[in-house]
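In what follows, a single structure is set out as structure tokens and then discussed.
The values are calculated or read from the model by the stated rules, or taken from the named source; none is laboratory data. Since we're looking at a predicted model, the values are computed, not measured. Cβ sites come from the backbone with ideal geometry, for glycine too, and all protein chains shown count toward neighbours.
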Ligand code: AMP
């Protein structure tokens, strides 16, 4: 497994791999890898000849009061895990490499970047789309693999790829959960045992909403009320949002049809967790 630290080195390695007529798959991550990330790597290995992953904690997607400095960094362990999965190339650039001094260009998907998490995390998706565009330029992948866990991110990246004519196929992979239902996340490491228990309420709320929908309820308002009621049962959990939206436009839907995205975000102490299901 080759580890590249600079854009020019990564681009050269990726171009060399692709010249041989191989299909190059790419998995962007911020490290602190868990089974969710590894499921993307396995999907990429299954669909592509050569697989590249990136490990980069992207400052541009963190707000001024968010957890950038304490975000878990486990580089050596991450590389061991990627090597076990037979990843071919790892891109692990420095912040200075990705954001040269004086950079003033941003990629923003206007009209989507302020929905869902973008509403409560202003600037977050602008940071995501900017770094993903830059990573795509370094790697030039044929296919890129993202987790459905970040459903709004998938919608926004698909739109960016379409609008900017990136020659990359975006593949969304299912959410990987702990045995008790909690969606895997690098941020779960912040939870103390009591918060870890309380965090299950996110999944319970989604399941309650899904069950209501399966029982014939089509009113967004009623589903959201039930979701909020369920989360509210854990007094220590503070709701950020409970929404039912179209998975592409991220707009609220009136009558909830199959395929609608049910998404929740909540704070446990200072830790913000998200989860979703598609009906
Ligand atoms: P991150 O390191 O948090 O930026 O995540 C990197 C990629 O892994 C993103 O595409 C995430 O959506 C995906 N991911 C994170 N957690 C999970 C999970 N539990 N299941 C599936 N994909 C995930």
Residue under question is residue 165, and the condition is that it be farther than 21 Å from residue 88 by Cα and not in a helix (DSSP H, G or I); does it hold? yes
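Among the listed residues 22, 65, identify the single one that is over 24 Å from residue 173 (Cβ atoms) and more than 14 Å from the ligand (Cβ to nearest atom).
Result of the check over 22, 65: 65.
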Spot the failing condition for residue 114; the list is (1) crowded, with 18+ Cβ neighbours inside 10 Å; (2) in contact (Cβ under 8 Å) with a residue 24 or more places away in the chain; (3) under 19 Å from the mean Cα position of the chain (by Cα), and only one is missed. (2)
Select, from 122, 100, the only residue that is surrounded by fewer than 22 Cβ atoms within 10 Å (Cβ to Cβ), in a loop (DSSP other than H, G, I, E, B), more than 15 Å from the chain's Cα centre (by Cα) and modelled with pLDDT under 95. 100
Every pair of residues 6+ apart whose Cβ atoms lie under 9 Å, when the first sits in the range 173-191 and is without any contact (Cβ under 8 Å) to a residue 60 or more places away in the chain while the second is within 6 Å of the ligand (Cβ to nearest atom) and in a loop (DSSP other than H, G, I, E, B): 177/184; 178/184
Tell me whether the range 129-139 contains one or more residues that are within 13 Å of the ligand (Cβ to nearest atom) and not in a helix (DSSP H, G or I). no
Just to be sure before I move on: is residue 145 modelled with pLDDT of 95 or more, under 23 Å from residue 50 (Cα atoms) and part of a strand (DSSP E or B) in the structure I sent? yes
Which residue is surrounded by the fewest Cβ atoms within 10 Å (Cβ to Cβ), if the candidates are limited to the range 25-56 and must be more than 8 Å from the ligand (Cβ to nearest atom) and assigned to a loop (DSSP other than H, G, I, E, B)? 49
Matching option when the condition is away from the ligand (no atom under 12 Å from the Cβ) and within 21 Å of the chain's Cα centre (by Cα), among 162, 208, 187: 162
